[in-house]
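Q: Structure provided below as structure tokens; questions to follow.
The values are calculated or read from the model by the stated rules, or taken from the named source; none is laboratory data. Remember, it's a predicted structure, so these values are computed and weren't measured experimentally. Cβ placement follows ideal geometry from the backbone for every residue including glycine, while neighbour counts extend to all protein chains displayed.
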Amino acid sequence: MPAIAQVEPMTTARALRGPFDYRLPDELREAGVQVGSMLVVPFGRRNVLGVVVGLADSSEVREEKLLAPLRALELGVPPAMVGLAEWIAAEYCSTLARALSLVLPPGATRRLGGRRRRVTPAPTHLPVGSRATEPPALNGDQRAVLEALEGDLVERSAARRLLHGVTGSGKTEVYLRAALLALEQGRGVIVLVPEIALTPQIVGRFIDRFGETVAVLHSQLRPAERYSEWRRLREGEARVCVGPRSAVFAPIEDVGLIVVDEEHESSYKHEGDPRYDAREVAEERARRCGALLLAGSATPRAESLQRLARMQLPRRIDGRSLPHVHVLDMREVQSGLHPLTDEALARVRAARAKAIVLLNRRGWSNFLSCRSCGRVWSCPHCDVALVLHRAAGYLACHHCGHRRPAPASCEQCLSTAVARHGAGTERLQRELERVLGDGGFPVFRLDADSVSAEPSGVAALLRRFENAECGALVGTQMVAKGHDFPDVSLGVVLDADATLRFPDFRAEERTFALIAQLAGRVGRGGEGHVLVQTIAPQARAIVHAAAHDSDGFLAGELQRRRALGYPPFSHLIRVVCAAPESRPARAAAEAVRAQLDGTAVAGEGAVAARGTCAAERAGERAILGPAALFRLRGRERQMVLVKAAERRPAVRAVGLAVARAAAAREHAAVSFSVDVDPQ
Ligand code: ADP
Ligand code: ZN
Ligand code: ZN
């Protein structure tokens, strides 16, 4: 047993570079300290938590200067997770300590006191909407897919597959069967879902099928419950982990299968340092342990089509057809609802059926203005307008959370003529209640506001809609998630082009997915149709979504991305410099840019092309910016964007450039963030 442990202290400091050597006393050696063990170590004047990242027989530090750890904590992480953390730190331009914090047990850094935890019973899981526990016989399409997956699992070929199946084609059943095969091989399973709260049904199906061997990790668990689920996985008592992106770090040894459900969802990207993408981490983890990676979606990303081997489920279960989608041109229409939408909703009400109406904007109106002086109420901390939440009586910033009471008059000119512009889900609910609400046709609302007002959250709301005899469900994109209600016969998308107007190369893909996913909730138990209101009826995303033509959409998307040099044909790295004033932010961004230009000139086969985004040849790099972003949370922001054909060297160069710029005294007030392949 080696005498030296190489320990990474769990500090958030960027400047600090471990690991550091510690001498292992006999009792710790006997306790079986290994890579992944957690130790409490003296560090400077403090005692900190550290993770063993390597073992050695000797150290370059002189013997008498070597310190010994104080003690080891009960359960470390599997050794393989340390390697994965190293990969994350390098891939996302972060530090090893921050990457390790992702793989440690929940609350690990807060448990230095070493107080023994009380044993908390594992949380009980209440499934929603789960039906038959008796597995259905697979149909032919499902069988063909499963045979291929079985081959992968038997050969342990670490295959990477994309299950491209239309909505309602029975993808979940395929995941369940593949999971069973992996378990029968004695291996573990990770199932990633976008958001547990929004997709209680898939969790329910796994629990129904596999019972206690399922652990669910999600943010709504109390800390002690989270830890208890983590521990069940670590000790091998639970072998299947279902959860959102962080479940990719589940401490399961010998994982045989990683499922990424609804792989197109942007919630797989983590928005804090390290800005990891759980889909990429899943792929890397699967590669490292020879597991099968299975990503599924009805609307896969262009990236996935390019990278993964595709299998298709082209039909809905029982041969039900996809709903007919009708695009309604709103350019000449004055009211919020098209006359045909009014009619269709009235028909649903008369038939005592169900409808889902999607408007991707919460609140009552988008912004307020003064009719006499023109003042617009905007956020004091961000360059955006405040949104009116009428029932709650306040204006809110949807970027930073700032709130203030709704004004009765203009603070500038004292006029009481305050105009409300646009409509959000709150107002839409009220409107629909007015036209449909009497006679027992309830109108439910699902968005971030209605959910936070309801203690048991989304699941309760979905259950009420499911159990209602008839009614409408109004809401933001939350209504388009993987819900499986058999009796929804009408879907409506309002302002379908709103998402197209974002300045983002993924805007078209998002719009296509939103419409196709909403259509996917409709007609699962019988006939159904979908109305799409838009002022851009010819937009490619909308035309293809209306035709259920995801192949055609993806082909066009790949062509466009290739021509513009966007992912998957390049990698994007975004550096954001933020400061209270715009001048220092700008100066810092210019310094980053200059550093990057310098490394480009200095070699690495990189070419800087100021301000251009021409298609790149392999090994080349383009640097764009600095460009101003809108002020957010009281900070002015400047962005530099790097487009590179090869990811690792570009990440390294950006990391170096940022470290140098950040070290300069004149940039002390500036914070830097690096986002690799931002979403
Ligand atoms: P998807 O995830 O592809 O949208 P689901 O997994 O939600 O589809 O399946 C839709 C419905 O069909 C579910 O209620 C599921 O239980 C049911 N189902 C799946 N496979 C079969 C099958 N082979 N036979 C009968 N019903 C099935
Ligand atoms: Zn005014
Ligand atoms: Zn704000």
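Q: Return yes or no: is residue 645 closer than 16 Å to residue 575 by Cβ and aliphatic (A, V, I, L, M)?
A: no
Q: Further question: Sort through 496, 472 and tell me the only one that's assigned to a loop (DSSP other than H, G, I, E, B) and either touching a residue at least 24 places away in the same chain (Cβ under 8 Å) or within 16 Å of ligand 2 (Cβ to nearest atom) (or both).
A: 496
Q: Hey, among the residues in the stretch 374-432 that are hydroxyl-bearing (Ser, Thr, Tyr) and within 32 Å of the chain's Cα centre (by Cα), which one's nearest to ligand 1 (Cβ to nearest atom)?
A: Of all residues in the stretch 374-432, those hydroxyl-bearing (Ser, Thr, Tyr) come to 378, 394, 409, 415-416, 425.
Subset that is within 32 Å of the chain's Cα centre (by Cα): 378, 394, 425.
Numbers: 378: 41, 394: 38, 425: 24 Å.
Per the criteria, the residue is 425.
Q: Give the residue that is farthest from residue 482 (Cα to Cα), with candidates limited to residues of the stretch 159-181 that are in contact with a strand residue (DSSP E or B) (Cβ under 7 Å, 6 or more places away or on another chain) and among the small types (Gly, Ala, Ser).
A: Per the stated criteria, the residue is 159.
Q: How many residues does the stretch 473-484 contain that are modelled with pLDDT under 95 and either within 16 Å of ligand 1 (Cβ to nearest atom) or over 21 Å from the mean Cα position of the chain (by Cα) (or both)?
A: Total meeting the criteria: 6.
Q: Tally up the residues in the stretch 417-448 that are assigned to a helix (DSSP H, G or I) and surrounded by 19 or more Cβ atoms within 10 Å (Cβ to Cβ), please.
A: The initial filter retains those residues of the stretch 417-448 that are assigned to a helix (DSSP H, G or I), namely 425-436, 448.
Now drop any that are not surrounded by 19 or more Cβ atoms within 10 Å (Cβ to Cβ), which leaves 425-429, 432, 436.
Residues meeting the conditions: 7.
Q: Can you tell me which residue among 357, 348 is touching a residue at least 12 places away in the same chain (Cβ under 8 Å), away from ligand 1 (no atom under 16 Å from the Cβ), hydrophobic (A, V, I, L, M, F, W, C) and not in a strand (DSSP E or B)?
A: Going through 357, 348 in turn, the sole match is 348.
Q: Give the residue, chosen from 464, 510, 521, 501, that is under 16 Å from residue 266 (Cα atoms) and of a type in the set (Lys, Arg).
A: Unique residue meeting the criteria: 510.
Q: Quick check on the stretch 363-389: of everything there that is more than 16 Å from ligand 2 (Cβ to nearest atom) and surrounded by fewer than 16 Cβ atoms within 10 Å (Cβ to Cβ), which residue is farthest from residue 637 (Cα to Cα)?
A: Here the answer is 380.
Q: Can you go through 423, 408, 448, 460 and tell me which one is farther than 29 Å from residue 320 by Cβ and without any contact (Cβ under 8 Å) to a residue 40 or more places away in the chain?
A: Exactly one residue qualifies, and that residue is 408.
Table: residues versus (1) surrounded by fewer than 20 Cβ atoms within 10 Å (Cβ to Cβ); (2) within 16 Å of ligand 1 (Cβ to nearest atom); (3) among the basic types (Lys, Arg).
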site: 248; (1), (2), (3): no, no, no
site: 256; (1), (2), (3): no, no, no
site: 276; (1), (2), (3): no, no, no
site: 288; (1), (2), (3): yes, no, yes
site: 291; (1), (2), (3): no, no, no
site: 297; (1), (2), (3): no, yes, no
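Q: Can you tell me which residue is nearest to ligand 1 (Cβ to nearest atom) among those in the stretch 300-332 that are loosely packed, with under 15 Cβ neighbours inside 10 Å and part of a loop (DSSP other than H, G, I, E, B)?
A: Across the stretch 300-332, the extreme among qualifying residues is 314.
Q: Further question: Could you pull out the residue among 523, 552, 565 that is touching a residue at least 12 places away in the same chain (Cβ under 8 Å), among the small types (Gly, Ala, Ser) and either crowded, with 23+ Cβ neighbours inside 10 Å or closer than 30 Å to residue 489 by Cβ (or both)?
A: The unique qualifying residue is 523.
Q: Would you point out which residue out of 385, 391 is within 16 Å of ligand 3 (Cβ to nearest atom), among the hydrophobic types (A, V, I, L, M, F, W, C) and without any contact (Cβ under 8 Å) to a residue 60 or more places away in the chain?
A: Checking each option against the conditions leaves just 385.
Q: Checking residue 360 against (1) out of contact with any strand residue (DSSP E or B) (no Cβ under 8 Å at 6 or more places or on another chain); (2) under 23 Å from residue 462 (Cα atoms); (3) surrounded by fewer than 19 Cβ atoms within 10 Å (Cβ to Cβ), which test does it fail?
A: Condition not satisfied by residue 360: (3).
Q: Answer with yes or no whether residue 665 is among the basic types (Lys, Arg) and touching a residue at least 12 places away in the same chain (Cβ under 8 Å).
A: Against the criterion (among the basic types (Lys, Arg) and touching a residue at least 12 places away in the same chain (Cβ under 8 Å)), residue 665 does not qualify.
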